[in-house]
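Peer 1: Sharing a structure below in structure tokens format, with a few things to ask.
The values are calculated or read from the model by the stated rules, or taken from the named source; none is laboratory data. Just so you know, these numbers come straight off a predicted model, no measurement behind them. Neighbour counts run over all protein chains shown; Cβ positions are idealised from the backbone, glycine included.
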Amino acid sequence: MNYLPKLLTLIACLCFSSLSPALTVPSYQLNDIKALSENSFLLIGKDPYLSFTPLSAGHDNAEAKLLTLNFQLKPGSDAPDDVRMELFFKESTSQAAPYFDSNYRMSFSVPKAHLNSNTPTFTIALPDNWPSGSTQRLRLDINGCAGCNFKALSYPNLSSRHLDTENRVIITPSHVFNGLTPISPDGIDITNNDWHLNDLERKNSQLTLTGGDPFLVSQALNIDTNELGGVQIHLRATPTINKAQDFQLFYASEKHGFVEGASTSLRVDPNADNEFKFIVPLAFLSSEKPQVKNLARIRLDLDGRVNQTEASWVIEKIKLVHYSELANKTHLIPRSRITNKRQRAHGFKLVMKSLNKIGSDIGFSIAYLLLLLTTALCFWRSYNK
Amino acid sequence: MKRPLNNRQFFVLALGLAVLLRLLLMPFFAHVDLFSEYRRVIYVLENGLYFDNAHRPIVFYIEMFFVWLSKLFITFSDGIFALPDPKQSVSGLLDYGFFLSDPNVFRHLFFFKLPYLLFDIATAVVIWRFVDKPEHKKIALLIWLFNPITLFATYIFGRFEVISLFFLAATALQLKQDHLFKATLLFSLSLLCREINLLYTPFFLLALIDFKDHAVRNALVVLASGLIIAILYLMPAWLMTKLGGDLTLFVGPNASQDGEAFKKLLSLGYYWFYPVIIGLATLAIYAWEIGNRSHAERYVLCCAIALFVYFGFNVHSVHYTAWLVIFPVLSLQYGKRVVLPFIILSAAWIVLWLLKTDTGVFTLFLAAPLSSDFIGMGHFPSFFQEHLASPQLSLHQAIQIMRALFLVVMGLFAYRLLSTKQAA
């Protein structure tokens, strides 16, 4: 009989532990955010975000791709007209501390008026190949809204795509970064509107130089470098420039931003149509050690010499090309090219590279060898006379 | 039993090996100065501005002639050799990098150095004719053909010093043959190759004096020679101006700074100025005192010692040491024992410039045409700082020690040339 209370206690504990997931209270992990009450938050720091595990309504998690958020902006908050948010949706398991991979995120803006309303609920679609799961955490960054006061009217939850979405406010993300994009054999076009400009002004389709340091920066690309061949660039100047122009292509990766050591300088002659069409090879990126996996962005510096400030440029096409395409377009690779690499060849590879370079001017190489032989023979005959 | 080589065989064998060695070096090394030089030459050729540059005109016209000739074999791409602003004719690293990355860089370098090869061989011939004794002849030829200093300056660094040295050697040969007028002409031409040759002018004029001859005749000879030298030296600039040339074609915006440097020099602001002036003045007295010797001997010995004085206190750039080579080689004609000083000079020069080098001398650019990957090799000063430097011996101290040793080598050279003890 002495064992009865202990046995009952054990049974009670087992029953409680089996029920515990259902009884878990949803909670937020906060950074640079002050919790004013259980569901009320004040954004205080430079990097305010909250991470959470969204509730799943018991349906198949593979179908749960719609995330519903219900944050109300309290009156008086000095928020911009559009509140910028960023949702990170892949938690890295390789890190000891909670860490979200920046290659998996989406950016979006929610109108202030909507967040101020009594029904601030909005829904955002997660990518198709989002690695869903009941334990999958998400992180929501709220940017440019320091001092804003939010109230969570309900806990974020996931729902199925198949549910009726007619009454929902669906927010379309401006950018989705869903891991590294492998490059297709046809390449990837970078559209003209995707460029951030410096010392350049866009007028219709033309880019006019406005300063001495003109360059274009792409939006985030996040291209897998494994089969990357390079960047094909096709520009036209108006009025026509018939002299060689200097360009410099910088590339940012997961390891660095735009730095001189990760760039290629080129001097490109115009073609017969006075256009500048060339390829900057980047195939070496995947063989660098440690490997550069992500071509995050590119930046193209134009020739900013003073006497060309009157010139305007038209981007006919800028495209990332597949490795296989590079071999067919070697004629587009400028011969005047300085590539800064992190690793330099050495040993046997260096010797082979040097021999290749000597062999690239085959006419000279043959004439040079003949000259050496002829000279040696002439002196030998003269010596033996 | 093998027969020893006769003079002709020795000359052919040495020259053959030397030419092959030079041909092997020519296409594969360069310094940015070579590119800058030829970019100016090509600019003048393409724009027809033949009378707009009076700076070292002999060298410039020789290089221009060879570029014109080499157009049969090479195409000078606008993209590489374009000089947007002739006032800024010294190449930047980017332009030089494009030159090095060009697939035709080797043939460019080969043709650019071709005039230097011809003058180098011509100098060897002059030395061979200048020195009479067979043993001394051979030593002089070997030193000239295989010393690392002129090989480096001409075929690795890619500078034109041998053109100037050829005219100086030819002057000595003409003096030996008592052709004073021809010697004066050749000496004047040497002045149009390198400004430093002005340093020798007083000693050349003193060497023309024949102390057994009448004073008036000597005065006339020296005066006439001085006049010829002055006219020939100043004539290119005067003539070009008369022909409508603008001599400021390649004069950059830093010219005023150079003027400041010159003023500083005149105000004796440089620490080395006093010893050099004192040394040269003493040398002039010596040149007078050895008036009983031949024209050529006085010219060769005094010019050699003038340079020892100069280089005892200045080292300037790595390739300038090539100026030091010609007169001691010619002094072998007079039985001077210069072999050991040459060996020590070569060693001291290498060590000094390994330490004093910047990234442009021994590693960064010189091997670059072969493969730009050599750029990643680093250079000796960083190796020294990492592995050899200590609180007791910093890089700066090591350079100062080597400069002091260089002065000692100059002293040894001077002693050997002044000494009456003859080589065997």
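Peer 1: For the structure I just gave you, tell me whether A:ASP186 is at pLDDT 85 or above, farther than 25 Å from A:ARG105 by Cβ and surrounded by fewer than 11 Cβ atoms within 10 Å (Cβ to Cβ).
Peer 2: Yes.
Peer 1: Being farther than 23 Å from B:GLY252 by Cβ, free of Cβ contacts under 8 Å to residues at least 40 places away in the same chain and of a type in the set (A, V, I, L, M) is the filter here, so list the residues in region B:59-90 that pass it.
Peer 2: Selection gives B:LEU69, B:LEU72, B:ILE74.
Peer 1: If you check B:MET26 against the conditions, is it touching a Leu at 6+ places or on another chain (Cβ under 8 Å), modelled with pLDDT of 85 or more, more than 10 Å from chain A (Cβ to nearest Cβ) and assigned to a helix (DSSP H, G or I)?
Peer 2: no
Peer 1: Do any helices (runs of 4 or more DSSP H) lying entirely in region B:97-151 carry at least 1 residues that are hydroxyl-bearing (Ser, Thr, Tyr) and farther than 30 Å from A:SER336 by Cα, and which ones are they?
Peer 2: Once the helices (runs of 4 or more DSSP H) in region B:97-151 are filtered for at least 1 residues that are hydroxyl-bearing (Ser, Thr, Tyr) and farther than 30 Å from A:SER336 by Cα, what remains is B:105-130, B:148-151.
Peer 1: Looking at region A:316-332, which of the residues that are outside any helix (DSSP H, G or I) and closer than 15 Å to A:PHE276 by Cβ is nearest to the other protein chains (Cβ to nearest Cβ)?
Peer 2: Out of the qualifying residues, it is A:LYS329.
Peer 1: Among the candidates B:PHE73, B:PHE81, single out the residue that is of a type outside the set (Gly, Ala, Ser), on the phi < 0 side of the Ramachandran plot and at the interface with another protein chain (Cβ under 9 Å from one of its Cβ atoms).
Peer 2: Residue meeting the stated conditions: B:PHE73.
Peer 1: Next question. Taking the condition of being surrounded by 14 or more Cβ atoms within 10 Å (Cβ to Cβ) and facing chain B (nearest Cβ under 9 Å), how many residues in region A:333-345 meet it?
Peer 2: Qualifying residue count for the region: 9.
Peer 1: Anything in region A:77-102 that is over 21 Å from A:LEU43 (Cα atoms), at pLDDT 75 or above and either part of a strand (DSSP E or B) or among the small types (Gly, Ala, Ser) (or both)? List them, or say none.
Peer 2: A:GLU91, A:SER102
Peer 1: Still on this structure, please answer the following. Does any residue of region B:355-372 turn out to be within 30 Å of A:PHE348 (Cβ to Cβ), assigned to a helix (DSSP H, G or I), small (Gly, Ala, Ser) and at pLDDT below 90?
Peer 2: So far as region B:355-372 goes, yes, one or more of its residues are within 30 Å of A:PHE348 (Cβ to Cβ), assigned to a helix (DSSP H, G or I), small (Gly, Ala, Ser) and at pLDDT below 90.
Peer 1: Then there is this: Looking at this structure, is B:ARG8 among the basic types (Lys, Arg), under 24 Å from B:ALA122 (Cα atoms) and in contact with a helix residue (DSSP H, G or I) (Cβ under 8 Å, 6 or more places away or on another chain)?
Peer 2: Here the answer is no, as B:ARG8 does not meet what is asked.
Peer 1: Something else now. Among the strands (runs of 3 or more DSSP E) confined wholly to region A:145-211, which include 2 or more residues that are out of contact with any His (no Cβ under 9 Å at 6 or more places or on another chain)?
Peer 2: A:149-152, A:175-178, A:195-198, A:200-203, A:206-209
Peer 1: Give region B:90-117 a look and list any residue that's of a type in the set (Ser, Thr, Tyr), under 24 Å from A:ASP246 (Cα atoms) and either within 9 Å of another protein chain (Cβ to nearest Cβ) or in contact with an Asp or Glu (Cβ under 9 Å, 6 or more places away or on another chain) (or both), or say none.
Peer 2: Once the filter is applied, which keeps residues that are of a type in the set (Ser, Thr, Tyr), under 24 Å from A:ASP246 (Cα atoms) and either within 9 Å of another protein chain (Cβ to nearest Cβ) or in contact with an Asp or Glu (Cβ under 9 Å, 6 or more places away or on another chain) (or both), region B:90-117 yields B:SER91, B:SER101.
Peer 1: Given the options A:LEU355, A:LEU350, A:LEU373, name the one that is exposed (fewer than 13 other Cβ atoms within 10 Å of the Cβ), assigned to a helix (DSSP H, G or I) and either within 11 Å of another protein chain (Cβ to nearest Cβ) or of a type in the set (S, T, N, Q) (or both).
Peer 2: A:LEU373
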